[in-house]
């Protein structure tokens, strides 16, 4: 009998079986987690970015309407009851135009903070104008009227019909290639 047969134990592979499966499972789980984390992070980033730029778009749309009602944007067939001539209102509208124009679209920390700041300041200006002009925006979902028909109160109201059935789920992403 050779001494080589004594040194090799056929049960070594069985004794290390649990450790081998643990190591393989750990590696596969780590790789799957990286891929899933990238996909989930990307989907969340797109969803949050969409929400932020939707808010900026609503502010910009309201601003364009108000600007058209000012004396600077006056047209020949403009109704006098909807005209905005107060200099303070015009100043707020001008500030809103500046806030909603050309927002940064890079995904860097400073740019994200700037967009958040623009939204915060823009919402405050919109609130000021809504209160002083006695106008309000109602979501079509909250009023229960999808076609825009709702009971009017003493204040004029605007129904934003485009946000009621908005789909914000983002799926089916492919992993990023490096």
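Name the residues in the range 78-114 that are touching a residue at least 40 places away in the same chain (Cβ under 8 Å), within 23 Å of the chain's Cα centre (by Cα) and surrounded by 12 or more Cβ atoms within 10 Å (Cβ to Cβ), would you?
99, 100, 103
Quick grid of which residues meet (1) farther than 11 Å from residue 59 by Cβ; (2) touching a helix residue (DSSP H, G or I) at 6+ places or on another chain (Cβ under 7 Å); (3) assigned to a helix (DSSP H, G or I):
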site: 88; (1), (2), (3): yes, no, yes
site: 92; (1), (2), (3): yes, yes, yes
site: 96; (1), (2), (3): no, yes, yes
site: 99; (1), (2), (3): no, yes, yes
site: 106; (1), (2), (3): yes, no, no
site: 110; (1), (2), (3): yes, no, yes
site: 114; (1), (2), (3): yes, no, yes
site: 118; (1), (2), (3): no, yes, yes
site: 121; (1), (2), (3): no, yes, yes
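For residue 138, work out the one condition from (1) assigned to a loop (DSSP other than H, G, I, E, B); (2) surrounded by 13 or more Cβ atoms within 10 Å (Cβ to Cβ); (3) at pLDDT below 85 it doesn't fulfil.
Result: residue 138 fails condition (1) only.
Could we say that residue 59 is on the phi < 0 side of the Ramachandran plot and at pLDDT below 90 here?
It is false that residue 59 is on the phi < 0 side of the Ramachandran plot and at pLDDT below 90.
Sort out which residues of the range 104-135 are at pLDDT below 90 and touching a strand residue (DSSP E or B) at 6+ places or on another chain (Cβ under 6 Å), and write them in order of number.
135
When residue 172 is evaluated against the numbered criteria (1) at positive phi; (2) modelled with pLDDT of 85 or more, which criterion, by number, is the only one it fails?
(2)
Report, ordered by the first and then the second residue, all pairs with beta carbons closer than 6 Å, sequence separation of six or more or different chains, a first member in the range 115-135 that is at positive phi, and a second member that is surrounded by fewer than 17 Cβ atoms within 10 Å (Cβ to Cβ) and not in a helix (DSSP H, G or I).
134/155
The values are calculated or read from the model by the stated rules, or taken from the named source; none is laboratory data. Remember, it's a predicted structure, so these values are computed and weren't measured experimentally. No Cβ is skipped: glycine too gets one built from the backbone with ideal geometry, and neighbour counts run over all protein chains shown.
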